[in-house]
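Structure first, commentary second.
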Amino acid sequence: MSEAAEARKVLVVDDEPDVEPMFRQQMRREVRAGRYEFLFARSGRHALEVLAEHPDVRLVITDLNMPEMTGWELLDALGEQWPGVPSMVVSAYGNEENARRAEESGAQGFVVKPVNFRELREKVAASLEGRAD
């Protein structure tokens with residue numbers, strides 16, 4: 001099972017500068033264990049460039065409110081250009097309407113900011129390992 005031994009690439013898309021160091025710190029055990037490799041993009045447009053460079057990305061985690069291209073627009077682009085890549089939304093705007101819209105846009109999960117990393121770890125594992133939430 002070489003795939004199980006290979007780190008799965010996760011692309012995190014958020015324009016906030018503190019997101020990358022926070023993910024690196026909170027998910028360091030998973031990275032050290034070789035379970036995940038995190039890539040980061042500061043906008044939806046940058047995320048599309050990263051996906052083009054890394055066709056082996058297994059999951060995209062995106063914020064909703066970003067300049068240039070919103071998370072909604074990114075989810076639409078993912079559905080059109082990378083329909084096999086699952087996505088998840090992390091947003092400070094955690095209302096039922098946004099959660100429903102994210103699901104309708106193909107997102108497999110919705111996590112409210114500030115991020116509960118225990119919940120996020122479970123959702124990431126479920127998505128990457130094919131388990132239901």
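For the reader, a short list of remarks on this structure follows.
- Angstrom value of the Kirkwood radius, inverse mean 1/r, which spans all Cα pairs in segment 86-133: 10.8 Å
- Spin-label model distance (nm) - Glu122 vs Asp18, 7 Å beyond Cα toward Cβ: 2.5 nm
- Portion, in percent, of the accessible area of the chain that falls on carbon or sulfur, probe 1.4 Å: 46 percent
- Taking Cα centre as origin and charging only the Cβ of basic (Lys, Arg, +1) and acidic (Asp, Glu, -1) residues, the dipole magnitude of segment 39-88 rounds to 120 debye.
- Averaged over its residues, segment 26-107 has an accessible area of 54 Å² per residue, based on protein heavy atoms and a 1.4 Å probe.
- Within a Gaussian network of the chain (alpha carbon springs, distance under 10 Å), most fluctuating of Leu48, Leu75, Leu11: Leu48
- Residue-count net charge about Val19 - beta-carbon cut-off 13 Å; Lys, Arg +1, Asp, Glu -1: -3
- Radius, Kirkwood style, for the chain when every pair of distinct Cα atoms is counted (Å): 14.7 Å
- Net charge dipole, segment 1-108: roughly 540 debye, given to the nearest 20, about the Cα centre with Cβ charges of +1 for Lys and Arg and -1 for Asp and Glu.
- Gaussian network model of the chain, Cα within-10 Å springs - most flexible of Asn98, Asn65, Asn116: Asn116
- The chain: relative contact order as a whole-number percent, Cα under 8 Å and 6+ apart: 21 percent
- Positive end of the dipole of the chain (Cβ unit charges, origin at the Cα centre): among Val12, Ala125, Ala47, the Cα lying farthest that way belongs to Ala125.
- Membrane-span-like helices in the chain, defined here as complete DSSP H runs extending at least 20 Å along the helix axis by their C-alpha atoms with mean Kyte-Doolittle hydropathy no lower than -1.0, are absent; this is a sequence and geometry rule, not a statement about a membrane.
The values are calculated or read from the model by the stated rules, or taken from the named source; none is laboratory data. The structure presented is a predicted model; accordingly, all values stated were derived computationally and were not measured. Ideal geometry is used to build each Cβ from the backbone, glycine not excepted, and the neighbour counts take in all protein chains shown. The accessibility values were calculated without ligands, DNA or RNA, using every heavy atom of the protein model including side chains. Shrake-Rupley method; radii C 1.70, N 1.55, O 1.52, S 1.80 Å.
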